[in-house]
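**Q** Quick one: the structure is below, questions incoming.
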Amino acid sequence: MKKHNFLAFDIGATSGRAVLVSLMNGKFEMRELHRFPNNLLELHGKYYWNIYNLYEELKKSLSLCAREDIPVDSIGIDTWGVDFGYLASDGSLLGLPRAYRDPYTEGALEEYFRLVPREEVYRLTGIQFMNFNSLFQLFRARKEDFAPLKNAEEILFIPDLLSYLLTGKKVCEYTDASTSQLLNPVTKQFEPSLLEAAGVSPSIVRQVVMPGTLVGELTDVLAEETGIGKIPVIAVAGHDTASAVAAVPARDEHFAYLSSGTWSLMGIETEQPIITEESYRNNFTNEGGIEGTTRFLKNITGMWLLEQCRKEWEKAGRAYAYSEIVELAGQAAPFVRFVDPDDPRFANPTCMTKAIAGYCEETGQPVPEMDADFIRCIFESLALRYNEVIRMLKGMAPFRIDRLHVIGGGSKNNLLNQFTANAIGMPVIAGPSEATAIGNSMVQARSAGIVSTRWEMRQLIADSIQTETFLPQDETVWKDVYDRYLQVVKR
Ligand code: LRH
């Protein structure tokens, strides 16, 4: 059987990589070709993504492939959600895309709800309320008289924007567009009234296409400059979480997933959106998945807490490898203090360790002293928050959930996997840690006609990777601890 090579660009809010996924005889192998940082760029009080830098890194990756003479079948790009760039009528990119951690959307929700009631926005979109959703970014950009918006003919979401830079062709891919809070998950079309209320013309968005659509080929200049040739670019599941969920190595629907990275995205895959009184109250989202499925999930602040602490410790001369972090957590005293990972103060604090210490002080808990105390507190609090969210999910899921698949970089953290299993009282199956790149390449493989359904993709993934299962332990202890956690976080 012929070997197929798919190049997956997977770009998160802190780093990106180019992963080569090679498929042969019903199995795949993967290799990271290139990794690069993706940093927020602060300019005069506004926060941006340096899209031109990302473009350079994509080009570098293509050149690396060409240098190794790797015959690439196609390319796919997935990134974090909600953000977008503005394009002028001649196709020029206007400025840099604004970053979702820019505080310009603070307070935007309440202001917008005076124009369209909160319930109505949820009824139309089924999307959880987070102030950085594209809808509220556009609303605030309009209020700010942000020049790129004023001069824009259209917007392109980040994966589509990068594909556009590579090919000169524009699409609006469904899974990423679904994170905007502008799409109706039932009709899978944009809701013009939401844009109109924001003071933005509905013509700023284009018709959506489904994952697997061909965007176009690399431009002649790029094909030549990188030496790779006229390779097709596929609009994969452009939202990183959608690509990750596509790669859950499950055999049936009875699972919940936790896509664990900077964010922890916990949810289920459903055939239909779930837009109910309860999902509204619990602020669950209905984002788009592959094959028209819905990713019914909730964002939980994930490794962001730890990543920020780590940066601070590194600056202070205490750089820890990931293995050291896990070791430190194992050494610290258990169950001393908890935080609500989703407390708004942790969204973008100037100093994360101070924010955590402040939370502990305010809630009458011992303030962490050693780095290990912080780490332990973060891991335990995350596991407890996962339990809180999985309980909500169980109450709303249209089917029985009997295991949790943890995927993404965070699935390599065995201590947290065990804590999670203990807290939720259910088996945790960890892996693949590279779910996003795998899901990305599987959609490319489907476009190439090599696999046909998501279950076939998942079978192939299960046959190609090793997972690890964690069974619940110390359940009674964790039940008591969960009650204490609920008291601290006041729920
Ligand atoms: C994770 C993620 C998440 C979005 C956030 C903006 O990378 O895509 O699903 O909510 O970034």
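**Q** Check G289: other-chain or 5+ apart residues with amide H under 5 Å from its amide H, H built from backbone geometry?
**A** T294, R295
**Q** Using a Förster radius of 60 Å, what is the FRET efficiency between E56 and Q487 based on their Cβ-Cβ separation? Nearest 0.05, please. Display every interim value, and only then the final one.
**A** Working: r = 50 Å, r/R0 = 0.84.
Efficiency, from the Cβ-Cβ distance: 0.75.
**Q** Please give me the summed charge of the neighbours of R376: other residues whose Cβ is under 13 Å from its Cβ, Lys and Arg +1, Asp and Glu -1. Can you show the working numbers first?
**A** Values: positive: R337; negative: E327, E369, D371, D373, E380.
Summing Lys/Arg as +1 and Asp/Glu as -1 gives -4.
**Q** Can you work out the FRET efficiency for the pair V477 and D402, with r the C-beta to C-beta distance and R0 = 25 Å, to the nearest 0.05?
**A** Values: r = 22 Å, r/R0 = 0.90.
The pair V477/D402 has a calculated efficiency of 0.65.
**Q** Considering only the other residues whose Cβ falls under 12 Å of the Cβ of E277, what net charge follows from Lys and Arg at +1 and Asp and Glu at -1? Show your work: numbers first, answer last.
**A** On the way: positive: R123, R281; negative: E119, E278.
Computed value for this residue: 0.
**Q** Also, quick follow-up: What's the whole-number percent of alpha carbon pairs in the chain lying beyond 40 angstrom? Walk me through the intermediate numbers first.
**A** On the way: 21226 of 120295 pairs.
It works out to 18 percent of all Cα pairs.
**Q** Please give the net charge around R337, taking every other residue with its beta carbon less than 13 angstrom from that of R337, where Lys and Arg add +1 and Asp and Glu add -1.
**A** Details: positive: R376, R484; negative: D340, E361, E362, E369, D373, E380.
Taking every Cβ under 13 Å from that of R337, the sum is -4.
**Q** Out of the DSSP beta bridges found with both residues in the chain, what percent are antiparallel (nearest 5)? Display every interim value, and only then the final one.
**A** Working: 54 of 73 bridges.
Close to 75 percent.
**Q** List the residues, sorted by chain then number, that are 5 or more residues from F146 or on another chain and whose placed amide H is less than 5 Å from its amide H.
**A** Result for F146 returns nothing.
**Q** Under 5 Å between amide H atoms, partner at least 5 residues away or on a different chain: which partners does V406 have, H built in plane at 1.01 Å?
**A** The list, which skips near neighbours in sequence, is L258, I429, A430, G431.
**Q** Tell me whether the stretch 143-196 comes out rounded, prolate or oblate; compute the Cα gyration tensor, take square roots of the eigenvalues as a ≥ b ≥ c, and use a/c under 1.5 as the rounded threshold.
**A** Values: a/c = 2.34, a/b = 1.05, b/c = 2.23.
Note, shape of the stretch 143-196 comes out oblate.
**Q** Right, next: What are the ³J(HN,Hα) values, in whole Hz, obtained from phi via the Karplus relation 6.51 cos²θ - 1.76 cosθ + 1.60 with θ = phi - 60°, for each residue of the stretch 77-94 in sequence order, with x given for Gly and Pro?
**A** So the J values, rounded to whole Hz, are 10, 10, 9, 4, x, 6, 8, 7, x, 9, 10, 7, 5, 8, x, 6, 7, 9.
**Q** Okay, next question. With a point put 7 Å past each Cα toward its Cβ, work out how far S63 is from A88 in nm, to one decimal.
**A** 2.8
**Q** Is the C-alpha gyration tensor of the stretch 134-252 telling us rounded, prolate or oblate? Criteria: a/c under 1.5 is rounded; beyond that, a/b larger than b/c is prolate, otherwise oblate.
**A** It comes out oblate by the Cα gyration axes.
**Q** Based on alpha-carbon centroids, what's the gap between the stretch 438-455 and the stretch 195-266 in Å, whole number please?
**A** Cα centroid of the stretch 438-455 versus Cα centroid of the stretch 195-266: 13 Å apart.
**Q** What order do you get for F9, F399, F346 when you list them from fewest to most C-beta neighbours inside 10 Å? Before the final figure, lay out each step's value.
**A** On the way: F9 27, F399 12, F346 18.
Fewest-to-most Cβ neighbours within 10 Å comes out as F399, F346, F9.
Bear in mind that the values in this text are calculations on the coordinates, not laboratory data. Note that the structure is a prediction, hence the values are computed from the model and not measured. Positions of Cβ are generated from backbone atoms using ideal geometry, with glycine treated the same way; all protein chains shown enter the neighbour counts.
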